[in-house]
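One structure below.
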Amino acid sequence: MADYDYDVLIIGSGPGGYVAAIRAAQLGLKTACAESRETLGGTCLNVGCIPSKALLHGSELYDEAANGTLAKFGVIAEKVSLDLARMQAEKDTAVKELTGGIEYLFKKNKVDWLKGRAAFQDAHTVRVGDAAVTAKNVVIATGSSVTPLPGVEVDNAAGRIVDSTGALALAEVPEHLVVIGGGVIGLELGSVWRRLGAKVTVVEFLGQLLPGMDGEVRKEAGKVFAKQGMELRLSTKVTGATATGAGVTLTLEPAAGGASETLEASHVLVSIGRRPNTDGLGLEAIGLAPNKRGQIETDPQFRTAVDGVWAIGDVIPGPMLAHKAEDEGIAVAENIAGQTGIVNHAVIPSVVYTMPEIAGVGLTEEQAKEAGKPIKVGKFPMAGNSRAKTNRDTTGFVKVIADAETDRVLGVWIIASVAGTMIAEAALAMEFGATSEDIAYTSHAHPTHPEALKEAAMAVQGKPIHI
Ligand code: FAD
Ligand code: NAD
């Protein structure tokens with residue numbers, strides 16, 4: 001590839017970009033990855049998946065010790081106290097180790113890390129900081145950032161009105177955290193601060209939490225979080241928020257319109273979604289325009305409309321999930337190398353890492369019905385699962401949605417303490433085109449939570465054992 005500096009230049013080192021870079025290098029392509037952040041790993045490793053899971057784990061341990069779960073099993077932890085600085089430090093260590101791990105993998109695989117902000121000059125020339133770099137193929141993996149809410153100005157440094165990045169770094173437990181948006185980030189980070197002692201109010205525009213998930217799961221999630229003590233203000237919108245020295249005054253209105261009211265908070269988290277990063281990328285220089293939602297459209301092989309330019313991850317349509325970005329990273333590298341890289345977008349699991357966890361893969365019951373498919377649904381409560389009963393974590397259920405004619409599994413939805421782990425089996429089964437009978441007749445180790453998936457699959461035929 002004498003004419004170019006690189007066979008492949010990837011812009012962005014998140015789960016999409018770094019995985020694409022490693023795979024491309026593994027396939028013998030001369031590869032570089034440009035990143036404007038100081039460390040590798042993108043949103044996920046620096047300010048997303050990893051730090052949020054560290055705080056979810058730490059706060060769960062605290063909650064178990066402080067609020068009785070340990071005591072129920074005879075583990076008496078007296079005078080439990082919170083050292084928030086230490087919890088934050090442990091989170092920072094996890095982030096440092098994981099971002100450092102990508103640096104190690106880049107070195108091991110001979111991927112060049114180009115430090116600086118990248119912008120196209122033409123389809124094969126990208127300015128990274130002060131240098132111009134040429135590449136036969138350029139992959140846009142620039143990810144996404146927080147969607148701003150008009151009238152509510154985020155100031156992470158001041159620490160009163162924050163986005164997810166600010167909410168991951170609070171130095172004090174909020175007295176009253178108002179979360180704007182009852183989606184994944186709002187519920188995960190709301191759970192962290194509730195467990196650590198904050199009063200948490202979630203203001204959600206829609207009538208239910210967690211848009212995109214199965215209707216029954218959304219309803220149950222509402223009950224679960226309310227029972228845990230979160231105040232849920234559904235069908236309500238925030239029209240403004242003003243930070244005062246000591247707190248924040250919000251104005252709220254019914255989503256359908258009506259009289260406004262004020263709400264006082266010590267802190268506010270804005271978590272109303274994320275939008276693709278394309279600003280300053282020089283897309284106009286290559287004649288590539290984002291769609292109405294700001295996303296870069298691609299074909300199923302991740303080619304954009306411009307020859308030699310590819311795109312993956314949060315910046316293209318589809319769920320904004322790290323594993324989706326990773327899968328696309330592998331596929332795009334394989335396609336660039338002349339292989340056949342495919343991502344089955346119909347089978348991408350999603351997980352909300354609250355307690356209990358909430359997970360799903362495939363179609364919701366509503367989507368299956370809308371598609372006009374005759375369906376059979378099997379449900380099994382975690383209260384009927386022996387391991388959940390033993391562990392005293394019986395909240396939730398497993399729901400299997402199957403095609404009524406072929407019995408092929410169309411979707412699986414789970415609320416359970418370990419739903420995120422359980423959903424992997426459902427995804428694998430669906431990837432192999434399994435029927436509910438296939439799952440029902442697969443031996444599952446006893447006593448384990450996944451037995452509830454087997455029983456829900458048996459319930460599709462109307463014959464579970466333990467209810
Ligand atoms: P990103 O990870 O956003 O990475 C893009 C990178 O490109 C960034 O580092 C950015 O600095 C860089 N960049 C952008 N523009 C340029 C430029 N012009 N030049 C150079 N570099 C550039 N997903 C999950 O699956 N599980 C989770 O548990 C989870 N938790 C999350 C928690 C939070 C709080 C947040 C905010 C997100 C979470 N996500 C989670 C979503 C997940 O982080 C994203 O889906 C994922 O990071 C997308 O990967 P990506 O590679 O497309 O982009
Ligand atoms: P989201 O789309 O999950 O939720 C945003 C919520 O805000 C929605 O329920 C929406 O109805 C509500 N909303 C929008 N405007 C509003 C307004 N003005 N007032 C009140 N409510 C309003 O977005 P998010 O929670 O910000 O997460 C962003 C992305 O990050 C998601 O796409 C998600 O996939 C990803 N993420 C994933 C994980 C995970 O996989 N565990 C964790 C965190 C983030």
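Residues to consider are Val202, Val268; find the one that is over 20 Å from the mean Cα position of the chain (by Cα), within 16 Å of ligand 1 (Cβ to nearest atom) and in contact (Cβ under 8 Å) with a residue 24 or more places away in the chain. Of Val202, Val268, the one residue that is over 20 Å from the mean Cα position of the chain (by Cα), within 16 Å of ligand 1 (Cβ to nearest atom) and in contact (Cβ under 8 Å) with a residue 24 or more places away in the chain is Val268. Specify the residue that is nearest to Ile10 (Cα to Cα); the eligible residues are those in the range 322-337 that are touching a residue at least 24 places away in the same chain (Cβ under 8 Å) and out of contact with any Gly (no Cβ under 8 Å at 6 or more places or on another chain). Among residues in the range 322-337 that are touching a residue at least 24 places away in the same chain (Cβ under 8 Å) and out of contact with any Gly (no Cβ under 8 Å at 6 or more places or on another chain), the one nearest to Ile10 (Cα to Cα) is Ile336. Scanning the range 332-360 for residues that are away from ligand 2 (no atom under 16 Å from the Cβ) and crowded, with 23+ Cβ neighbours inside 10 Å yields Val332, Ala333, Ile336. Has the range 320-327 got at least one residue that is surrounded by fewer than 17 Cβ atoms within 10 Å (Cβ to Cβ), at pLDDT 95 or above and not charged (D, E, K, R)? Within the range 320-327, none of the residues are surrounded by fewer than 17 Cβ atoms within 10 Å (Cβ to Cβ), at pLDDT 95 or above and not charged (D, E, K, R).
Identify, please: which residue in the range 270-294 is of a type outside the set (Val, Ile, Thr) and part of a helix (DSSP H, G or I) and is, among those, surrounded by the fewest Cβ atoms within 10 Å (Cβ to Cβ)?
The residue in question is Glu284.
For (1) out of contact with any Pro (no Cβ under 9 Å at 6 or more places or on another chain); (2) more than 20 Å from Ser350 (Cα to Cα); (3) in a strand (DSSP E or B), each residue gets a yes or a no:
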| site | (1), (2), (3) |
| --- | --- |
| Asp393 | no, yes, no |
| Val398 | no, no, yes |
| Ala402 | yes, no, yes |
| Leu410 | yes, no, yes |
| Met422 | no, no, no |
| Ala429 | yes, no, no |
| Asp438 | yes, yes, no |
| Ala452 | no, no, no |
| Ala456 | no, no, no |
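Scanning the range 19-43 for residues that are under 22 Å from Val126 (Cβ atoms) and assigned to a helix (DSSP H, G or I) turns up Val19, Ala20, Ala21, Ile22, Arg23, Ala24, Ala25, Gly42, Thr43. The residues of the range 1-21 that are in contact with a Ser or Thr (Cβ under 8 Å, 6 or more places away or on another chain) and farther than 19 Å from Ala119 by Cα amount to a single one, Asp3.
Would you please name the residue that is farthest from Glu38 (Cα to Cα), looking only at residues in the range 62-115 that are among the basic types (Lys, Arg) and out of contact with any helix residue (DSSP H, G or I) (no Cβ under 8 Å at 6 or more places or on another chain)? Out of the qualifying residues, it is Lys72. Residues in the range 28-71 that are farther than 20 Å from Val315 by Cα and touching a strand residue (DSSP E or B) at 6+ places or on another chain (Cβ under 9 Å): Gly28, Leu29, Lys30, Thr31, Glu38.
Residue check: Asn137 meets all listed conditions (1) under 30 Å from Lys115 (Cα atoms); (2) within 12 Å of ligand 2 (Cβ to nearest atom) but one, namely (2). For the range 97-104, the condition holds for at least one residue, the condition being that it is of a type in the set (S, T, N, Q), in contact (Cβ under 8 Å) with a residue 12 or more places away in the chain and closer than 28 Å to Gly186 by Cβ.
Which condition number in (1) farther than 24 Å from Pro15 by Cβ; (2) within 16 Å of ligand 2 (Cβ to nearest atom) is the one that Ala169 fails? Unmet for Ala169, out of (1) farther than 24 Å from Pro15 by Cβ; (2) within 16 Å of ligand 2 (Cβ to nearest atom): (1).
Among residues of the range 336-370 being of a type in the set (Gly, Ala, Ser) and closer than 20 Å to Ala426 by Cα, the one that is farthest from ligand 1 (Cβ to nearest atom) is Ala368. Anything in the range 295-335 that is within 13 Å of ligand 1 (Cβ to nearest atom), in a loop (DSSP other than H, G, I, E, B) and either in contact with a strand residue (DSSP E or B) (Cβ under 8 Å, 6 or more places away or on another chain) or within 24 Å of Tyr6 (Cα to Cα) (or both)? List them, or say none. Residues satisfying the conditions are Gln295, Ile296, Thr298, Phe302, Ile312, Ile316, Pro319, Met320, Leu321.
Among the residues of the range 361-393, those identified as crowded, with 17+ Cβ neighbours inside 10 Å and within 22 Å of Lys72 (Cβ to Cβ) are Pro381, Met382, Gly384, Asn385, Arg387, Ala388, Asp393. Filtered by the rule that a residue be under 30 Å from Gly16 (Cα atoms) and of a type in the set (Val, Ile, Thr), the range 48-97 gives Ile50, Thr93, Val95. Screening the candidates Val315, Val309 for the property of being farther than 23 Å from Ile185 by Cβ and either in contact (Cβ under 8 Å) with a residue 40 or more places away in the chain or not assigned by TED's automatic domain parsing to the domain that holds Glu35 (or both) yields one hit, Val309.
Yes or no, residue by residue, for (1) at pLDDT 95 or above; (2) within 15 Å of ligand 2 (Cβ to nearest atom); (3) of a type in the set (D, E, K, R):
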site: Cys44; (1), (2), (3): yes, yes, no
site: Val47; (1), (2), (3): yes, yes, no
site: Ile50; (1), (2), (3): yes, yes, no
site: Leu56; (1), (2), (3): yes, yes, no
site: Glu60; (1), (2), (3): yes, yes, yes
site: Asp63; (1), (2), (3): yes, no, yes
site: Leu70; (1), (2), (3): no, no, no
site: Glu78; (1), (2), (3): no, no, yes
site: Leu82; (1), (2), (3): yes, no, no
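Summed over the range 44-65, residues that are near ligand 1 (Cβ under 7 Å from one of its atoms) and either within 17 Å of Val351 (Cα to Cα) or in a strand (DSSP E or B) (or both) total 5.
The values are calculated or read from the model by the stated rules, or taken from the named source; none is laboratory data. Being a predicted model, the structure only gives us computed values, none of them experimental. FYI the Cβ positions are ideal-geometry reconstructions off the backbone, even for glycines, and counts take in every protein chain you see.
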